[in-house]
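J.: Below is the structure I would like to discuss, written out as structure tokens.
The values are calculated or read from the model by the stated rules, or taken from the named source; none is laboratory data. Note that the coordinates shown come from a computational prediction; the quantities given were computed from them, not determined experimentally. Here the Cβ is made from the backbone with ideal geometry for all residues, glycine too, and neighbour counts use every protein chain on show. For the accessible areas, the whole protein counts, side chains as well, though only heavy atoms, and no ligand, DNA or RNA atoms are used. Shrake-Rupley method; radii C 1.70, N 1.55, O 1.52, S 1.80 Å.
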Amino acid sequence: MVTYNKNSIKYLHSNINFFIDSSLSLDHIFDFFSTHFLIEKEKTSKKAIADIYITKEDSAFSNINFEKGEDIYLRKSASDFFTIPAKRLTKHGIEYIKCTKTGTLLALDTSNNQINISTQSTETEQDELVFIELIRDLILKNEENHGVVVLHATSAYKNGSASLIIGPKGAGKSTTLLELVSKLDYKFMSGDKTFLWIENDELCAAGWPDYPHLGLGTLSKYTEFIEKFDLSDKIESAKDNLWSTDHKMAIDPKFFKEVLPFIEPGLVSTVGSIIYPNLYPADKCEVENVDEHIDLMTPHIERIFTPNHQLWNHFVEPKNQAELTAMINDCLKKASQIPALVIKGSGILEKKQLEFEKGVTL
């Protein structure tokens, strides 16, 4: 008989219960989420969106012919390491998935609010990515169903207020975030996504655990990164195009927490300012107020339940999409009233640059 260790995680409106074979350990996965989620050992929630059972036992999958399944991806990335291919088929209302890199097996039983996972090991990084992707997928969908807006933006926190840093790939979001944290007494809040909603007529934000992708140019400015990842030779060999988006590395958020000031797990904050970086090699950095900026923000709002978004599982179905649309509009309206800045050039900030007509001091 299997003996289970119990754990639960909580983020905003989402709770997930875990029942883990005592011979296995998910400590690395919980460490990953502990930067932003509340983790409770030997406790479960009565209002969980899923009960996840994790064992080495695979007998429940013995009659599942994955050769007849369709090819899917739990995650598809420009990086082969982060790409997770799988086979999927549905039988008796249960979605069965086999991750082809790791052999990890998943049975998603929506009617019983239960997910069964068979794994031989949780020590490999590839296997951990499967668990991380499943947890993030469940929570992202559940938060969207609760009208929470997902914004592709980094964010920093200071004195009870969050600064959103918004822009396309390569604009300098991570560089700006690290400048605020390393020079201006901010705390690292989020390195990839920031969650938004309106509460008490204020725009509120929460950070999200992810692997921020940082370029060599950004990393070269911080000795702790150079030493941690032994980057001296790479930086030297790429010096002619150091700031190219071709030179990017995925950084575990746990590392940020080890070396940089970091928010407390579960922190929720109002938004005090919005920053739009446009960084490029230059001798100086320019900072300007911007008034009409919502057109700059809108393209970076993400939605999962859209016709062109292929879902790799259907454990959480879409609900309240009209409510989410209304919340997006409310967030944009409130964001238009918040002071916004554009940072151009090198991105190397000085305090004297960061005092503005509207009373925003970063």
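J.: Give me the compactness ratio for the range 152-207, meaning the Cα radius of gyration over 2.2 N^0.38 Å.
T.: Normalised Cα radius of gyration, the range 152-207: 1.10.
J.: Rg/Rh for the chain: what does it come to with C-alpha atoms and Rh from Kirkwood?
T.: So for the chain, dividing Rg by the Kirkwood Rh gives 0.98.
J.: Work out the FRET efficiency for Ser336 and Ala282 from their Cβ-Cβ distance, taking R0 = 30 Å, and round it to the nearest 0.05.
T.: Efficiency computed from Cβ-Cβ geometry: 0.55.
J.: When the dipole is taken about the Cα centre of the chain, and only Lys, Arg (+1) and Asp, Glu (-1) are charged at their Cβ, what size is it in debye, to the nearest 20?
T.: Result for the chain is approximately 340 debye, rounded to the nearest 20.
J.: Follow-up. Is the shape of the range 73-219 best called rounded, prolate or oblate, per the rule: a/c under 1.5 gives rounded, else a/b larger than b/c gives prolate, else oblate, with a ≥ b ≥ c the square roots of the Cα gyration tensor eigenvalues?
T.: oblate
J.: Right, another one. Give me the accessible area per residue for the range 1-108, probe 1.4 Å, as a whole number in Å².
T.: 53 Å²
J.: Return the single residue from Ala153, Ala78, Ala335 with maximal mean-square fluctuation; model: Gaussian network over the chain, springs between Cα atoms under 10 Å.
T.: Ala78
J.: Shifting gears a bit: Within the range 88-125, whose backbone N sits under 14 Å from a point 7 Å along Cα→Cβ of Asp80?
T.: From the range 88-125, the list is 101.
J.: Over all directions, the average projected area of the alpha-carbon convex hull for the range 30-73 comes to how many nm²?
T.: Computing the convex hull of the Cα atoms and averaging its projections yields 5.7 nm².
J.: Computing the accessible area with a 1.4 Å probe over protein heavy atoms, can you report the carbon and sulfur percentage for the range 192-245?
T.: That share works out to 41 percent.
J.: Another question, if that's okay. Counting only heavy atoms of the protein chains, get the accessible area per residue of the range 268-333 (1.4 Å probe) and round it to a whole Å² value.
T.: 59 Å²
J.: Moving on. Report, to one decimal in Å, the Kirkwood hydrodynamic radius for the range 133-277 based on all distinct Cα pairs.
T.: 15.9 Å
J.: Another question, if that's okay. State which entries of Lys98/Lys187; Lys193/Lys248; Lys56/Lys76; Lys46/Lys173 exceed 29 angstrom in Cα-Cα distance in the structure shown.
T.: Lys98/Lys187; Lys46/Lys173
J.: I would also like to ask the following. Report in % the part of the accessible area of the range 1-146 that belongs to carbon and sulfur, leaving out ligands and nucleic acids; probe 1.4 Å.
T.: Carbon with sulfur: 46 percent of the solvent-accessible area.
J.: Kirkwood Rh and Cα-based Rg: tell me the resulting Rg over Rh for the range 224-268, rounded to two decimals.
T.: Taking Rh as the inverse mean 1/r over Cα pairs, Rg/Rh reads 1.10.
J.: Cα-based Rg of the range 1-119 per 2.2 N^0.38 Å, rounded to two decimals?
T.: 1.11
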